[in-house]
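**Student:** Sharing a structure, written as structure tokens. Questions coming.
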Amino acid sequence: MPRKTSLDGVFGLAVKSFQGAPRFALRFQCHTNLQEADKRLTIQDTSQLGRWKLSGVPPEELKNGRVAMLATMGYIVPEYFRFPGDCATGLKFTEIPNGLAALTKVPGAGWTQIFLFLGLIEKGIYTYDPTRQAGDYKAAGVLGVPNGSTMVPGEGRNRKLNSELANGRLAMMAIIGMFFQDGLTGSAWGDWAAYTDSPLRAFENELGVQAPVGYFDPMGMSKDGDEKTFLRRRESEIKNGRVAMFAAMGFITPEYVRFPGYLAPSQQLKFTDVPNGLAALSKVPFLGWIQILIFCGMVDFGLYRADPSRAPGDYENGGILGVPNASGPMADAEGRKRKLNSELANGRLAMVAITGMLFQNGMFGTTGPAMWGF
């Protein structure tokens, strides 16, 4: 049976996340010295995030990206091709496993050869020169061929340098995912089903476990397998997601529709006088906040009270779409499961969305077109 090497596991997630990245309206303010660095490198922004600098400086990013691209190819190629003959006396290349397991098979003399070769490359052929552009070595030609031909400066060269940066960034994510998957499943390109020691097995069939990430718990909060704690967190996730969906709609709707009349007749404050977004916090009267808190308390502790004997987010008085005492639950079990999964996914998206809206609103000081990047 051929091995699965297409978009699988963590590596697949890395590829999909880069291929399908949405256009964010979020803008990053670039400091002058970073803009000057871009010009100095003759590399322009290609990503939808603009210049996104978390740590490190360009020379290290280029070097790490190049190593990661070689490492990623080195993880894939041995699945299909091996050198013939012996790696060492009595040890054939075909006997060395792919991935992390190879660390225990390579003999000491082999590691010595590897380190000597790396030192020769690093300190002999491709020596860092601060007078040249980042990642540009005197002895290196196109594709890093020693003393090979070089490209003429221009648009074509810039495009290829941008491609190298983008591919290097993707490769750094990919190789980390490969290491992670290899370490947990016991083999390169191992099936996640082989990770039998995972504490997440207790929850892998729960609602919300959806492709492409499956059960997503990067911080390991559920590694103890405590079902009671899991249900409490799921209750919180559903509630926060529902609130976030209302909040996201509430951020958009007032841009087009407002209630007529007065919000506070005693203060001659009309609904149309209250700005949208964060600026509304300073306009709503004190008694208005009291009404809001009382209403939220009635809904949370009176109408939709959590019941440990029921599924998280399932309230006795709540019908379809949360309408009090409406019809429900759905008779179609598969259709109900699909809709509950959709609610969880939409709630997760809404939590991210409202966080972004608040951040952008605070940054640009408006909920108008400027906030949305128009």
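The values are calculated or read from the model by the stated rules, or taken from the named source; none is laboratory data. Here the structure is a predicted model, which means the values were calculated and not measured. Backbone-built Cβ (ideal geometry, glycine too); neighbour counts: all protein chains shown. Side chains are part of the model used for accessible areas, which takes the heavy atoms of the whole protein and leaves out ligands, DNA and RNA. Shrake-Rupley method; radii C 1.70, N 1.55, O 1.52, S 1.80 Å.
**Student:** Mind running the shape call on segment 278-374? Use the C-alpha gyration tensor, a ≥ b ≥ c as the square roots of the eigenvalues: rounded below 1.5 for a/c, prolate if a/b tops b/c, oblate otherwise.
**Tutor:** Working: a/c = 3.22, a/b = 1.51, b/c = 2.14.
Oblate.
**Student:** Okay, moving on. Which one of LEU287, GLY347, VAL323 has its Cα pushed farthest toward the positive end of the charge dipole of segment 227-371, where Lys and Arg give +1 and Asp and Glu give -1 at the Cβ?
**Tutor:** Farthest towards the positive pole: GLY347.
**Student:** Continuing with the same structure: How big is the charge dipole of segment 59-185 about its Cα centre, in debye rounded to the nearest 20, if each Lys and Arg gets +1 on its Cβ and each Asp and Glu gets -1 on its Cβ?
**Tutor:** Values: 12 positive and 11 negative charges, 43 e Å.
Using Cβ point charges on Lys, Arg, Asp and Glu, segment 59-185 gives about 200 debye.
**Student:** List nothing, just return the count: lysine pairs in segment 59-185, 8 or more apart or interchain, with Cα separation under 29 Å.
**Tutor:** Here the count comes out as 9.
**Student:** Over segment 59-185, with every protein chain in place, what whole percent of the accessible area is carbon and sulfur at 1.4 Å, could you tell me? Please report the intermediate quantities before stating the final value.
**Tutor:** Details: 5520 of 8320 Å².
The nonpolar share, carbon plus sulfur, comes to 66 percent.
**Student:** Using alpha-carbon pairs under 8 Å, 6+ residues apart, how would you state the relative contact order of segment 59-185 in percent? Could the numbers behind the result be given before it?
**Tutor:** Details: 83 pairs, mean separation 45.3, N = 127.
Result for segment 59-185 is 36 percent.
**Student:** For LYS270, go through the aspartates and glutamates and keep the ones whose alpha-carbon is under 17 Å away, minus same-chain ones fewer than eight residues off.
**Tutor:** Within the straight-line limit of under 17 Å, LYS270 reaches these aspartates and glutamates: GLU255.
**Student:** For segment 227-371, give the percent of accessible area contributed by carbon and sulfur heavy atoms, probe 1.4 Å, rounded to a whole number.
**Tutor:** Details: 6360 of 9870 Å².
Looking at segment 227-371 in its full context, I get 64 percent from C and S.
**Student:** Still on this structure: Ignoring ligands and nucleic acids, what accessible area does MET172 show with a 1.4 Å probe (Å², nearest 10)?
**Tutor:** Taking all protein chains as shown, MET172 has close to 50 Å².
**Student:** What does the charge count around TYR315 come to, taking other residues whose C-beta lies under 10 Å from its C-beta (Lys +1, Arg +1, Asp -1, Glu -1)? Could you put the intermediate results ahead of the total?
**Tutor:** Details: positive: ARG305, ARG310; negative: ASP307, ASP314, GLU316.
Local charge sum for TYR315: -1.
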